[in-house]
1. Scan the range 113-130 and report the pairs whose first residue is open to solvent by 20 Å² or more (accessible area, probe 1.4 Å) and whose second residue is more than 15 Å from the ligand (Cβ to nearest atom), with Cβ atoms within less than 6 Å and a gap of 6+ or a chain change.
2. Sort out which residues of the range 191-207 are more than 27 Å from Val79 (Cβ to Cβ) and part of a strand (DSSP E or B), and write them in order of number.
3. Got at least one residue in the range 164-180 being more than 9 Å from the ligand (Cβ to nearest atom), part of a loop (DSSP other than H, G, I, E, B) and either more than 18 Å from the chain's Cα centre (by Cα) or within 27 Å of Arg6 (Cβ to Cβ) (or both)?
4. Scan (1) assigned to a loop (DSSP other than H, G, I, E, B); (2) under 23 Å from Leu15 (Cβ atoms); (3) among the charged types (D, E, K, R) for the single condition Arg71 breaks and write down its number.
5. Of everything in the range 140-158, what is surrounded by fewer than 21 Cβ atoms within 10 Å (Cβ to Cβ), in a helix (DSSP H, G or I), among the aliphatic types (A, V, I, L, M) and out of contact with any Lys or Arg (no Cβ under 8 Å at 6 or more places or on another chain)? Give them in sequence order.
6. Suppose we filter the range 190-231 for residues that are open to solvent by 10 Å² or more (accessible area, probe 1.4 Å) and polar (S, T, N, Q); how many remain?
7. Show the residue pairs meeting these rules: Cβ distance below 7 Å; 6+ apart or different chains; first residue within the range 192-209 and over 12 Å from Arg237 (Cα atoms); second residue assigned to a strand (DSSP E or B) and of a type in the set (Ser, Thr, Tyr).
Amino acid sequence: MEKTKRVIGVKIIRLDEVDSTNEYAKAIAHEVPEGTVVVAKRQVAGKGRKGRSWASPEGGLWMSVILKPPRVDPRLAFVGALAVGDTLADFGISVGIKWPNDVWVGGRKISGILAEGKAGEYSILGIGLNVNNPIPEELRENAVSMMELLGSKLPLEEVLKRLLLHLDGWYRVFLERPDLLMAKVRERTFILGRPVTVIEGDERISGIALDVLDDGSLLMDIDGQLRRILYGDVSLRFF
Ligand code: BT5
């Protein structure tokens with residue numbers, strides 16, 4: 001069988017401290033080969049979506065991959081979510097994807113993905129995974145780390161190694177068979193069939209999450225009307 005060349009992790013840039021690995025990655029994207037990874041021990045201005053901040057103290061895995069796919073595609077974030085899911089499974093933790101960019105374990109967030117891109121230039125796949133880092137007090141109710149789940153410290157280097165391998169595999173699927181990528185996302189998305197509220201811009205949309213479509217959008221049933229949501233923040237509703 002022909003062995004395909006590995007892309008992700010061809011080059012790894014290790015930093016002690018950075019504002020945000022995504023910002024660092026953007027600044028060097030032109031000078032480095034596709035698949036270059038930037039990993040930092042801590043971030044002092046880790047970013048979530050929409051200007052939110054991402055807590056990144058030492059002990060966690062904070063990294064960004066520089067990619068140069070043919071076009072900027074919002075489905076790239078799912079490459080991160082699936083790879084994180086496989087990595088956690090390697091350590092005996094089973095997770096669910098909360099569309100569009102979170103990885104959750106039993107009601108708490110363990111990982112967040114931030115994909116950003118500039119058309120014709122680069123895409124950056126940023127991944128934050130709570131490994132051995134402390135979770136700030138104000139996030140404890142909704143966030144969890146691998147160490148907390150497993151009861152002992154994890155070898156961070158091994159977690160990184162596993163994650164890079166899985167990222168490489170899912171990135172290939174993303175490029176060659178995005179339909180298969182989305183089939184796996186659908187399988188692992190735990191909100192389907194459940195009542196949810198999605199905040200999209202200024203709008204709050206409540207209904208049943210029906211499906212994740214092949215273009216990455218969420219299909220919802222809102223009082224019998226079908227609606228496609230491109231992007232948003234989902235919360236589960238309980239009756
Ligand atoms: C995300 O945003 O979930 C994307 C997070 C991406 C972080 C990585 S780290 C490496 C790379 N460099 C960066 O600067 N960013 C990427 P969002 O869906 O907007 O979620 C943000 C929300 O998650 C915050 O408002 C908090 O409520 C919560 N949060 C913050 N830090 C957390 C943590 N360490 N663990 C779990 N939840 C956290």
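The values are calculated or read from the model by the stated rules, or taken from the named source; none is laboratory data. For clarity, every value in this text was computed on a predicted model and none was experimentally measured. For neighbour counting, all protein chains shown are included, and Cβ atoms are generated from backbone atoms with ideal geometry for every residue, glycine included. Side chains are part of the model used for accessible areas, which takes the heavy atoms of the whole protein and leaves out ligands, DNA and RNA. Shrake-Rupley method; radii C 1.70, N 1.55, O 1.52, S 1.80 Å.
1. Sorted first by the residue in the range 113-130, then by its partner, the pairs are Gly117/Val72; Ala119/Val72; Tyr122/Lys68.
2. Pro195, Glu203, Arg204, Ser206, Gly207
3. Our first condition is that a residue be more than 9 Å from the ligand (Cβ to nearest atom); within the range 164-180, this holds for 164-180.
Still in the list and also part of a loop (DSSP other than H, G, I, E, B): 177.
Now narrow it down to the ones that are either more than 18 Å from the chain's Cα centre (by Cα) or within 27 Å of Arg6 (Cβ to Cβ) (or both): 177.
Yes: one or more hits.
4. The single condition Arg71 does not satisfy is (2).
5. Leu149, Leu150, Leu156
6. 2
7. The qualifying pairs are Arg204/Thr197.
Yes or no, residue by residue, for (1) within 15 Å of the ligand (Cβ to nearest atom); (2) small (Gly, Ala, Ser); (3) in contact with a strand residue (DSSP E or B) (Cβ under 6 Å, 6 or more places away or on another chain):
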site: Lys11; (1), (2), (3): no, no, no
site: Thr21; (1), (2), (3): yes, no, yes
site: Gly35; (1), (2), (3): no, yes, no
site: Trp54; (1), (2), (3): yes, no, yes
site: Gly60; (1), (2), (3): yes, yes, no
site: Asp73; (1), (2), (3): no, no, no
site: Gly80; (1), (2), (3): yes, yes, yes
site: Ala83; (1), (2), (3): yes, yes, no
site: Phe91; (1), (2), (3): no, no, no
